[in-house]
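The values are calculated or read from the model by the stated rules, or taken from the named source; none is laboratory data. Predicted model only: the values in this text are computed from it and were never measured. Every residue, glycine as well, gets a Cβ built from its backbone with ideal geometry; the counts of neighbours run over all protein chains shown. Side chains included, ligands, DNA and RNA excluded: accessible areas come from the protein's heavy atoms. Shrake-Rupley method; radii C 1.70, N 1.55, O 1.52, S 1.80 Å.
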Amino acid sequence: MSLHTAPQSDGGAELTIRLTKEEVDAIGLCEAEGLADHLDTALWGLALLRSGRTVRTPDPRPIEAADLYAVIRDLHKHLVPMAGGIRDAAIRRHREVGGSTAHLAAAMDTARSTAQDRREALDRTGPRRAEAARWETWAATPRHN
């Protein structure tokens, strides 16, 4: 995977994410496009918040609550749970392949006790964990062509 940026004549920039064949085979093009679309929404939302104006309309105006609806929906329902599932699956796999708590703490830039708590949270049960586990399973389940 690689990321390329290209300045645009209007002062903007084009960001291109290139996936290898192996990455496309593992992720699936449709899921990769969906995740990229949610990331696009996150970047758009960040621009809305930092500028205080609509930024993808011909006539920018101050943002309103309705302008943030798609940002909140996409982040809350899609990007945040997906990212959490990927993180949780990575933490679980890190443990399975022999990664130490100290190594996990370094990766998380946190105390060992916090990393240990994060690992232990993966084994808890309950409604909140069930939803997180659904996304963890999504992240760790091999794609079948």
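Of all residues in the range 110-122, how many are closer than 13 Å to residue 87 by Cα and either open to solvent by 50 Å² or more (accessible area, probe 1.4 Å) or not charged (D, E, K, R) (or both)? So the count comes out to 4.
Among residues of the range 39-54 that are within 12 Å of residue 65 (Cα to Cα), those with a Cβ under 9 angstrom from a residue that is among the β-branched types (Val, Ile, Thr) and part of a loop (DSSP other than H, G, I, E, B), sequence gap 6+ or separate chain, pair up as 48/54; 48/55; 48/63; 49/63; 52/63; 53/63; 54/63.
Condition check for residue 54 on (1) open to solvent by 40 Å² or more (accessible area, probe 1.4 Å); (2) farther than 23 Å from residue 132 by Cα; (3) of a type in the set (Ser, Thr, Tyr): one failure, at (1).
This table checks each residue for (1) buried (at least 17 other Cβ atoms within 10 Å of the Cβ); (2) modelled with pLDDT of 95 or more.
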site: 76; (1), (2): no, yes
site: 85; (1), (2): yes, yes
site: 89; (1), (2): yes, yes
site: 97; (1), (2): no, yes
site: 102; (1), (2): no, yes
site: 108; (1), (2): no, yes
site: 124; (1), (2): no, no
site: 131; (1), (2): no, no
site: 134; (1), (2): no, no
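Contact map, the range 11-26: first residue over 15 Å from residue 39 (Cα atoms) and in contact (Cβ under 8 Å) with a residue 12 or more places away in the chain, second residue hydrophobic (A, V, I, L, M, F, W, C) and open to solvent by less than 50 Å² (accessible area, probe 1.4 Å), Cβ cut-off under 8 Å, separation 6 or more or different chains; pairs are 19/32; 23/32.
Here's the yes/no breakdown for (1) over 28 Å from residue 110 (Cβ atoms); (2) among the aromatic types (Phe, Trp, Tyr); (3) outside any helix (DSSP H, G or I); (4) touching a Phe, Trp or Tyr at 6+ places or on another chain (Cβ under 9 Å):
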position	(1), (2), (3), (4)
26	yes, no, no, no
34	yes, no, no, no
38	no, no, no, no
48	yes, no, no, no
77	no, no, no, no
80	no, no, no, no
89	no, no, no, yes
